[in-house]
Protein chains: 2
Amino acid sequence: MPLFYSPDLKDISTRINITGSEYHHLKTSLRKHEGDQISITNGNGILAKGRINKILPNHISVQIDTTTSIEKSKPYISIAFSLLKKNNELIVEKCTELGIYEFFPFISERTVKKSISLNQLDRLRKVAISAMKQCDSVYLPEIHNPLQISELLKQIHNNYNMILAWEEEQNTPLHTILKKAKKDICLIVGPEGGFEENEVTLAKEYGSQIVSLGNHILRAETAAITACAQAIFYQLKQNPEYY
Amino acid sequence: MPLFYSPDLKDISTRINITGSEYHHLKTSLRKHEGDQISITNGNGILAKGRINKILPNHISVQIDTTTSIEKSKPYISIAFSLLKKNNELIVEKCTELGIYEFFPFISERTVKKSISLNQLDRLRKVAISAMKQCDSVYLPEIHNPLQISELLKQIHNNYNMILAWEEEQNTPLHTILKKAKKDICLIVGPEGGFEENEVTLAKEYGSQIVSLGNHILRAETAAITACAQAIFYQLKQNPEYY
């Protein structure tokens, strides 16, 4: 049953209107009809099943039959990544599929792409919605506005166990640090040219642990996806139900 | 120092000629000159450092100064993946970066792309060379010609611990099987629409273990990259030097 996104859905909803791009997807791409069954999520843990009640010129009204609430497992895993020249969408798509909680794009010394337009940011959010739907997930990760790395570290260091992947760190594999994490986790990966040493020092001063992702140099986007896949693998070992 | 690929390099080489696309890359894209230092690998564990001796109209002659041999860690990790409509290159690129040993593309019941042209296969091999060079790796994974899944299972089952990722398997996380692997590992991931049940049964008959990659449904290419990242993460935990 195809999954749709409606941020207005609540666990007490009995009827919901689907509008905008989701409306067009349902009506034009999937050619759904009145009476067809669909699933809807609000991207925040609620999953509803229902039937299309009416297809109108600018919205579809859906009758909700059942609603369930699915809890996201702790610790949440988020990722802070340097804006890349290309491949920001790849990071968002793949890490959303994996179940990442939040994205913190940032700009550091060697970041080539020093800003992102509102359109590009909107496009990243659409990629996340699409990945969530495609993978039958009910959590839509938040994609924050980009910050300078120093500002980001300042903002998040109290609430996260920050784990920064650095190609020059050789003695601390990721698993040794995941073991010690007591709060939600924020993985941090740098730009195409890597972090400057003073950025790594600053991250340490804010309490970040510095880790290695292994003995191969990885492209920036591969490091991001790999760090997430490995952090989730670790959680699955502690809790096979980890979602 | 940029890394180049020359399959002719041997550990006793004192001089080597670089030809073909590597020649053009060196001369035209990187504009290297006589006397410049470069690294060369044969893609099979040999790493040489040397200096450009002569730039000629169709080859570059390199004087080798030092040669080292880097051993690939056991168990080797390989991946068998269904040919995908798109994203075959993404799988090859990301898994080469991660250090995968061999690729076995295959065709199964729900594979949409039932064949691959020699050109496309050649393109995949070029993607692997480029990923190896970019990541300063000295092992070029072999990309085999595609086979039917049944033929593939028959050919590889004696030499590999086969581990097949299936979205309908919920009770066996990957780590429980990695723990038991005694031979080299071949991870197996299916096409966009997943495996048919009879294919999973056949894989089991050939001794394959069936595992879950977690509680989110992953796109086919994400499953491939994730399985490799997680299998390598596991090896790094056993052996921090795993390469």
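The values are calculated or read from the model by the stated rules, or taken from the named source; none is laboratory data. Being a predicted model, the structure only gives us computed values, none of them experimental. Using ideal geometry, Cβ is built from the backbone for each residue, glycine included, and neighbour counts are taken over all protein chains shown.
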Helices (runs of 4 or more DSSP H) fully within region B:110-199 counting 2 or more residues that are within 14 Å of chain A (Cβ to nearest Cβ): B:118-134, B:174-178
Index of the failed condition, residue A:240 passing every other in (1) modelled with pLDDT under 95; (2) assigned to a helix (DSSP H, G or I): (2)
Number of the condition not met by residue B:190 [criteria: (1) within 20 Å of the chain's Cα centre (by Cα); (2) under 30 Å from residue B:46 (Cα atoms)]: (2)
Single unsatisfied condition, residue B:78 versus (1) within 18 Å of residue A:225 (Cα to Cα); (2) within 11 Å of the chain's Cα centre (by Cα): (1)
Residue list for region A:117-138, filter: in contact with a helix residue (DSSP H, G or I) (Cβ under 7 Å, 6 or more places away or on another chain) and either touching a residue at least 40 places away in the same chain (Cβ under 8 Å) or under 22 Å from residue A:69 (Cβ atoms) (or both): A:128, A:131, A:132, A:135
Residues of region A:200-237 that turn out to be outside any strand (DSSP E or B) and under 29 Å from residue B:3 (Cα atoms), as a count: 19
Complete set of residues in region B:96-109 that are more than 13 Å from chain A (Cβ to nearest Cβ), in a loop (DSSP other than H, G, I, E, B) and not charged (D, E, K, R): B:108
Among the residues listed as B:217, B:185, the single one being in the same structural domain as residue B:90 (by TED's automatic domain parsing) and either over 23 Å from residue B:87 (Cβ atoms) or at pLDDT 95 or above (or both): B:185
Pair list, Cβ < 6 Å and 6+ apart or interchain, from region A:1-13 residues that are touching a residue at least 12 places away in the same chain (Cβ under 8 Å) and surrounded by fewer than 14 Cβ atoms within 10 Å (Cβ to Cβ) to residues that are part of a strand (DSSP E or B) and not hydroxyl-bearing (Ser, Thr, Tyr): A:1/A:37; A:11/A:46
Out of A:229, A:220, sole residue that is facing another protein chain (nearest Cβ under 9 Å) and either surrounded by fewer than 18 Cβ atoms within 10 Å (Cβ to Cβ) or touching a residue at least 40 places away in the same chain (Cβ under 8 Å) (or both): A:229
Residues of region B:81-95 classified as away from every other protein chain (no Cβ under 14 Å) and closer than 16 Å to residue B:227 by Cα, total: 3
Region A:232-243, subset facing chain B (nearest Cβ under 7 Å) and under 18 Å from the mean Cα position of the chain (by Cα), residue surrounded by the fewest Cβ atoms within 10 Å (Cβ to Cβ): A:243
